[in-house]
Amino acid sequence: MSVRALSIIWEHYPRGGSELLTALALADWSNDCGESLHPSIRAIARKTRLSQKQARRHVHDMLGAGLLDVIANEHGGDPGNSRHYPLRLDRI
């Protein structure tokens, strides 16, 4: 858990609602630089109490806005092979 990443999201994230909740969940998993993220969509949905479809949509929206990147395993897949993300804290 990164208090620094959570603080940046709370103070500067440009969107609200359940996308903000998704960003906060990702920040909670990240290190201080917004890295070391590899949760599955299922884990994101469970943590945010959203459906997997909603969680996937928010992740894709964040990717499209450049607030999140994929650095490994772009297509996801089997359990244990989830995508690896960094939050782009410098763009938030």
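Coordinate-derived values only; no laboratory data. These numbers were taken from a predicted model, which means no experiment stands behind them.
Observations on the structure shown:
- For the chain, the mean residue ellipticity at 222 nm estimated from helices alone is -14500 deg cm²/dmol, where every DSSP H run of n ≥ 4 contributes -39500 (n - 2.57) and the total is divided by all residues, rounded to the nearest 500.
- Rounded to the nearest whole angstrom, the semi-axes of the ellipsoid equivalent to the chain, taken from the Cα gyration tensor as √(5λ), stand at 18, 14, 12, largest first.
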